[in-house]
Each structure stands twice: as C-alpha cells, then as structure tokens.
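What follows is a single structure, written as structure tokens, with notes after it.
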C-alpha cells in the first residue's frame, strides 16, 4: 500500500487533497471489450490497448468545506482539466508499459535515452518471479541518461506522475550490466511544461551481471523540488560505460521505502462526468452526502 492516506486531485503543480471517502471506493477498469461470435462457435474479443477507469468516491455527512471542494472541481474552478488523480490504494504510479519495461509486445516501453544510445525491449529475462520485461541500453556514452518518456531530459506531461509536496517519494528499479560498473539512480523533477529542473542526490548503482534492486527516497517538502510539477526515475551513466545496461521492474511510489514491485497503474488524467450531488442532512443543516465520479480520459 502507498503511504498516502488521502486521494489527491488537481493540475500538476497545484494538487489538492480531497476529503477522505467514508465508504467503498471503486475503480472499475474498462478496455471497451467487444465480443464477436465466430462461425466456428468460438468468440473473438476486440479490445483497446489501454484500460480506462471510472472512480466512484462516496461521501456521507460531508462538511461544507469538503462539499465546496468537490463542487469546485465539477464547476471547473481550477481550470477546464483534465486533472490528475492520485489513488492512495496504488503503489506504483508509473505507467503499465513503463514499469514493466516493454513486457507487452504490442505496446511501446516508453523509455528514452540520451542521443546516440539504443533502447530495445525484451519480454523475457527479467528478475525471477516478477511480472516485467527488460530494456537493454546499448551504445552508452559517459553522462548519458535513461528515463521514462519521449526524451531523455523531459517529462511527458500527459502521463508523468505528479510531485506532491506533502508526500515523500521513492523510486526503484532492477538493473544489471554486461560487466561490473557503477551508474547512478536519480529522482528527477520537471516543471509544469515538462522541462527538467532538478535532479536529486543520487543513489549509487553498483551493477554486476546479476539482477539487483536499487532504490532512492526523498523526503516530503524537499526544497529542490519546490518548483517541480512532475517526478520520474532517471539512470545516469558514469565514465567508461559497459557494452550494455539492462533494467526491469521500475517503480515510483509515494512513501519513504520501496515496497514489493507492482506493475504500474499510471497517473490517471480524469474529469468529473457529472454532478457530485447534494443530499441534505438535517443535523446542523450543513452536512451533505455526495458520490464523486471521475472518469479517466487519457
């Protein structure tokens, strides 16, 4: 479980903690599955590549401030959206294909490297017992970097996890190399446009030819991240790189320690598809009941 206790919602760089739901929260995924009957008597299932979720957050006897916040999002007081939703039940907020390093053969691994390097996905050969593929990084040069996204020094703002100033952040990755070698693991911060603006104190990665897990944590409210809207893991090569470095099972989570690897649930971009409602309660004439729906848009 993540260390955070409350859901967050908002624009990157201006996230807000929602009231704590006081009933079962649902997060139903859908890939738009369509079942087709075949002449043979079997079926074919047509499905989208990526699942989209609908979140339902129930509130009973919510105070006026909490009700106003839900209605403010519904009325788009914080901008037209989409907003980023942080689900406290989710450990890994990297995307599914980023976290599993190209395990799905029909999807991009979505990692990028410094110009002049090559990234190739493999669906097999990862650490034993983990649901992950492998990205092998070759043609490495000193000071080259590898990270999720379309570019080695930028965050994809429609997908990247957001920075929460009130929460600690931990990144972790399994890695090995073609020969013993030392690289560094960073937690990188990016501004609201996705431009790199901070790299954390690095954790040394003493790579061998066997899989090892490397982790790095930063405390809540870290001064260097104050102007960051997004955070991502980043691997940086040192001098005299080996022929290749392989990575697997990448994770980014809100908390002070790395938990057991879980394929990523992503950092969903959502919108309220309808009113959160307002059921009047007689006690003090202020407590109200709401069901706050959020639908994933990308």
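The values are calculated or read from the model by the stated rules, or taken from the named source; none is laboratory data. This is a predicted model, so every value here is computed, not measured. Glycine gets a Cβ as well: all are built from the backbone with ideal geometry, and neighbour counts include every protein chain shown.
Things worth noting here:
- Residue in the stretch 223-243 that is in the same structural domain as residue 159 (by TED's automatic domain parsing), free of Cβ contacts under 8 Å to residues at least 12 places away in the same chain and farther than 23 Å from residue 140 by Cα present: yes
- Qualifying residue in the stretch 257-274 (condition: assigned to a loop (DSSP other than H, G, I, E, B) and farther than 28 Å from residue 30 by Cβ): yes
- Leading residue by the ranking (modelled with the highest pLDDT) among those in the stretch 50-70 that are in contact with a helix residue (DSSP H, G or I) (Cβ under 8 Å, 6 or more places away or on another chain) and surrounded by fewer than 18 Cβ atoms within 10 Å (Cβ to Cβ): 61
- Only one of 61, 107 that is closer than 18 Å to residue 293 by Cα, touching a residue at least 40 places away in the same chain (Cβ under 8 Å) and either more than 24 Å from the chain's Cα centre (by Cα) or assigned by TED's automatic domain parsing to the domain that holds residue 145 (or both): 61
- Scanning the stretch 125-142 for residues that are closer than 19 Å to residue 236 by Cβ and touching a strand residue (DSSP E or B) at 6+ places or on another chain (Cβ under 7 Å) turns up 135, 136, 137, 138, 139, 140.
- Residue 32 being buried (at least 18 other Cβ atoms within 10 Å of the Cβ) and at positive phi: no
- Here the stretch 132-150 is the region considered, the condition is being over 17 Å from the mean Cα position of the chain (by Cα) and farther than 16 Å from residue 241 by Cα, and the residue that is surrounded by the fewest Cβ atoms within 10 Å (Cβ to Cβ) is 133.
- Within the stretch 1-24, the residues that satisfy the criterion of being part of a loop (DSSP other than H, G, I, E, B) and more than 22 Å from residue 61 (Cβ to Cβ) are 1, 2, 3, 4, 12, 13.
- Residue match in the stretch 138-145 (condition: free of Cβ contacts under 8 Å to residues at least 24 places away in the same chain, more than 26 Å from residue 225 (Cβ to Cβ) and out of contact with any helix residue (DSSP H, G or I) (no Cβ under 7 Å at 6 or more places or on another chain)): yes
- Here residue 183 fulfils each of the conditions (1) surrounded by 24 or more Cβ atoms within 10 Å (Cβ to Cβ); (2) within 15 Å of the chain's Cα centre (by Cα) apart from (2).
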